[in-house]
1. Val66 fails exactly one of the following numbered conditions: (1) β-branched (Val, Ile, Thr); (2) at pLDDT 90 or above; (3) not in a helix (DSSP H, G or I). What is the number of that condition?
2. Is it the case that Asp21 is in contact (Cβ under 8 Å) with a residue 60 or more places away in the chain, charged (D, E, K, R) and farther than 16 Å from Pro148 by Cβ?
3. Could you tell me how many of the residues in region 116-141 are in contact with a Ser or Thr (Cβ under 9 Å, 6 or more places away or on another chain) and modelled with pLDDT of 90 or more?
4. Residues in region 1-10: is at least one out of contact with any Asp or Glu (no Cβ under 8 Å at 6 or more places or on another chain) and modelled with pLDDT of 95 or more?
5. Name the single residue that is surrounded by the most Cβ atoms within 10 Å (Cβ to Cβ) among those in region 12-41 being outside any helix (DSSP H, G or I), modelled with pLDDT of 95 or more and in contact with a helix residue (DSSP H, G or I) (Cβ under 9 Å, 6 or more places away or on another chain).
6. Which residues, taken from region 73-125, are in a helix (DSSP H, G or I) and within 22 Å of Cys147 (Cα to Cα)?
7. In region 65-106, what residues are touching an Asp or Glu at 6+ places or on another chain (Cβ under 7 Å), among the hydroxyl-bearing types (Ser, Thr, Tyr) and touching a residue at least 12 places away in the same chain (Cβ under 8 Å)?
Amino acid sequence: MSGIDADQSPAPTGSIVVGHDGSDYANHALEVALDLAEPLGASVVVVRAWSIDTAPRPADWKFGYVSPLTDYAGAVRAKLEADAAPTVARHPGVPVEYRAAYATPLGCLIEVSRGARMLVVGSRGRGGLAGMLLGSVSEQCVRHAACPVLVVRPGAPA
């Protein structure tokens, strides 16, 4: 990785991009993306946006030492791969690429999904006032993505 923003480049044409924040909702969205990719012969690009506040500490982190952002990016990517591993293992025939981008979730998903066959995102299922007040990455992806967007709801069959 040449820089911390390198992972925001567009995914390969025809691939399926899926956002993954480490939640059960994201694992469900990943399962759906892999299920779709298998018969299509498509690859899957698993994306995690991060900030210093959300990143795990790098392996060499020490109190009083500020690690470079590239170290944090490596820690985020390692955590993403570990979080996704059980789901990805159930689909050994699907090529999977991982991206950890120092960016906002919305901006990252929009950029990476340019040229993709589809963007798959999970939904926490908040509705009404809570959904309006908190904003919704999935709702904004539907509005702004350059490709079709599949929003996977909680409890929907994978």
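The values are calculated or read from the model by the stated rules, or taken from the named source; none is laboratory data. Computed from a predicted model, the values in this text were never measured in an experiment. Glycine also receives a Cβ, built like all others from the backbone with ideal geometry; neighbour counts cover every protein chain displayed.
1. Here Val66 clears every test but (2).
2. Yes, satisfied.
3. The qualifying residues number 7.
4. Among the residues of region 1-10, not one is out of contact with any Asp or Glu (no Cβ under 8 Å at 6 or more places or on another chain) and modelled with pLDDT of 95 or more, which makes the answer no.
5. Val17
6. Pro105, Leu106, Gly107, Cys108, Leu109, Ile110, Glu111, Val112
7. Hits for region 65-106 are Thr87, Tyr98, Tyr102.
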